[in-house]
Amino acid sequence: MPDPTTQSNYQQIYTTNVDFHWKLDFENQIIDGSATHTVLAREDGIKQVIFDTSNLEIRNVLVDDRTVEVSCPNDVSKALIYCGLVKFVLGAEHEVMGSALHVPLVPGIQTGSIMKVTIFYKTTKGSTALQWLTKEQTQGKQFAYLFSQCQPIYARTLAPLQDTPSLKITYTATVASVLPVLLSAIRVSPPSDGLAHDGKLVGKDVVSYVYKQPVGIPSYLIAIASGNLRYKPFPLIEGRSWKSGVWAEPELLEASYWEFSEDTGRFLAKEEDIVGPYKFGVYDVLVLPPSFPYGGMENACLSFLTPTLLAGDRTLVDVVVHELTHSWFGNGITHAEATHFWLNEGWTTYIERLLQQFLHSPAERDFQYILGSTALSEALENYVDRPKYQRLVIDFEPGEDPDEAFSSIPYEKGSTFLLYLEQTLGGLDVFLPYIRDYVATFQGKSITTWDWKAHIYSYFERYGVQEKLDALNSVDWDSWFYGEGMKLPVELSYDTTLSEPAYRLAAQWDASRFTSDVTKLDFSASDVETFNSNQKTTSANAEIRLRFYNVALKDPTSLSASDFAGKALDWVTGRDGTGMIKGPHEVLPRIDAALAMQYFAQSEEEFHPIARKLIEKVRLRCIAQR
Ligand code: BES
Ligand code: ZN
């Protein structure tokens, strides 16, 4: 069965490399250019290659035997002059999957044939992956800004691609822009640590940025950002070959450097010690404007981060730890389809918390699981009417939107399942060598839950210890994969050293509301002096905020609901800086629908296109439920 989220024929003929030539047009808010695919036939007599597109304006398509290259140094997009164009067909627009682009091929193609297919195209206003910001929407207010978000299936709105994570592609790109350009790849020229914008006038002069991604990556990791961006390298770590640094608008560069410089390299090095070498050469982070719809996104070589991580106390670096962990789990070993998304997020969450244990304490790791179990309960509750999405392994129908299923469930059920396996198989002494073998076996591949399960069995079979095989056989695999409802197949118990003081204090506060004599109350700032940011609720931490709104808005008729609805809406929509996409899913249904929609209608244009899409879906569901 092919990936149900793509219309491409990647099982018959597939892209191995793409060469992009783009011009960024900030005035018209479009990218204009071409994508040259190197495709490899897997079948004799294949007649066409099909790409995913959505909201793209396709202008011309040519196949290599008809291409004549001429030099045209002034305009990269015209460097290819063609004598014969092929007659392509653009299919009808499917709401989720977009329009399939059919490109006919010459007769007589054989398995193993390699061809080049160049598509000349433009993005449009409807390209969901792209948010174009006016200069007023940026930190510096002087220059426009562009950034992309391709996961799960928006890469097809940035370029015609076989948009499925079951393929790993390399890419090269030349991007002409009046503002510095970043891509999820290795910078070839001009150098990252050279003069900003190659010493040319930022916002005025066009500079060509050249990048190369030599490691195969899934299409959802293709990413671009362009704005008034500056770089500051992190200190090098002895004995490590990779480079790491931070990108941000100049106004935020020092704060960003301070927040992440101490921990990024340290965690990356520790992770290498645990699971094996970092394969991408460069690990940079980019601090985005507030409307970036996630806490973080693990784009190859360049994690995107929300600016709300700049807490000023380095307490939110766990998001960086999460994103850099994806370099192995997600970017290295990739889920083959949305169905197996938990392999990305569950593994990453499990390893992220393992690092917490090694660099902090076992109690810290357990505390994260305790917090996670609350998030899991809330997410499961949100899907009571759609229990299919409560599953770890979700069988999507062709054309079903994977964003509908996005929640904490794959993160929390997935990481808890792995922790349960670790405990069942005899703890970290046994599990760590297994993890290394898992990474070594599947690094660079796209896999399903079944590949993962077959490997864990074969790994323990190889060592022939019956006790371990008995342990594996004791696992109720089907309940973990397909279980629905509020409960996990097995409830684990955790070290409560860190959670207990927080819960105790909360209980005291809760009880105090019935105290008539307030002079008897004994609370002070010293109560929380020793707490970390996860133990407090006053922090700007977006995860905590999400939970706060979930509580405050639980009863829509309550006073707290009317007090906080406006604030929650500001937050959900990213206006006040934390446009986390979990917001629309979990918070919006709790707000008076009419109020929410009135608010939305006032400023629709300001919202991130993905947030816009999700809000519209929630609206339709609210109407349907009435
Ligand atoms: N890859 C995800 C973000 C994502 C998932 C985007 C699916 C689109 C579709 C990223 O690694 C992530 O999990 N981000 C989290 C933060 C993390 C610390 C849990 C987020 O933004 O909430
Ligand atoms: Zn993640």
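Odds and ends about this structure:
- Any hit, region 362-378, residues being under 17 Å from the mean Cα position of the chain (by Cα) and more than 11 Å from ligand 1 (Cβ to nearest atom): no
- S291 falls short of the stated requirement of being within 11 Å of ligand 2 (Cβ to nearest atom) and either of a type in the set (G, A, S) or in contact with a Phe, Trp or Tyr (Cβ under 7 Å, 6 or more places away or on another chain) (or both).
- Only one entry of V86, V76, V49, V70 meets the criterion of being more than 24 Å from V210 (Cα to Cα), in the same structural domain as I169 (by TED's automatic domain parsing) and modelled with pLDDT under 95, and that entry is V86.
- Just so you know, in region 464-512 the residues that are in a loop (DSSP other than H, G, I, E, B) and of a type in the set (G, A, S) include one that is surrounded by the most Cβ atoms within 10 Å (Cβ to Cβ), and it is G483.
- Restricting region 189-205 to residues that are in contact (Cβ under 8 Å) with a residue 24 or more places away in the chain and within 30 Å of the chain's Cα centre (by Cα) leaves a set whose member that is farthest from V175 (Cα to Cα) is D193.
- Residue among S377, S373, S407, S415 that is in a helix (DSSP H, G or I), in the same structural domain as Q466 (by TED's automatic domain parsing) and touching a Lys or Arg at 6+ places or on another chain (Cβ under 8 Å): S415
- Residue check, E323 modelled with pLDDT of 95 or more, of a type in the set (D, E, K, R) and within 15 Å of ligand 2 (Cβ to nearest atom): yes
Okay, residues lined up against (1) assigned by TED's automatic domain parsing to the domain that holds G227; (2) of a type in the set (D, E):
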site: R266; (1), (2): yes, no
site: D284; (1), (2): yes, yes
site: P290; (1), (2): yes, no
site: M297; (1), (2): yes, no
site: H340; (1), (2): no, no
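- Cβ pairs under 9 Å, 6+ apart, first in region 209-224 and of a type in the set (D, E, K, R), second modelled with pLDDT of 95 or more: K212/T170; K212/Y171; K212/T172; K212/A173; K212/A185; K212/I186; K212/R187; K212/V188
- Positions within region 409-455 being within 23 Å of I394 (Cα to Cα) and small (G, A, S), in sequence order: G414, S415, S446, A454
- Some residue of region 578-596 being at pLDDT 65 or above and within 17 Å of the chain's Cα centre (by Cα): no
- Scanning region 146-169 for residues that are touching a Lys or Arg at 6+ places or on another chain (Cβ under 8 Å) and of a type outside the set (D, E) yields one hit, K168.
- Exclusive hit being within 21 Å of T5 (Cβ to Cβ) and either in contact with a His (Cβ under 9 Å, 6 or more places away or on another chain) or away from ligand 1 (no atom under 11 Å from the Cβ) (or both), set I333, I351: I333
- Complete set of residues in region 96-112 that are farther than 25 Å from R156 by Cα and crowded, with 16+ Cβ neighbours inside 10 Å: I109
- The residue that is modelled with the lowest pLDDT, among those in region 294-320 that are among the small types (G, A, S) and more than 11 Å from ligand 2 (Cβ to nearest atom), is A311.
- Count of region 216-230 residues which are under 22 Å from the mean Cα position of the chain (by Cα), away from ligand 2 (no atom under 16 Å from the Cβ) and either farther than 30 Å from T6 by Cα or outside any loop (DSSP other than H, G, I, E, B) (or both): 7
The values are calculated or read from the model by the stated rules, or taken from the named source; none is laboratory data. If you're wondering where the values come from, they're calculated on a predicted model, not measured in any experiment. All Cβ positions, glycine included, derive from the backbone under ideal geometry; neighbour counts span all protein chains shown.
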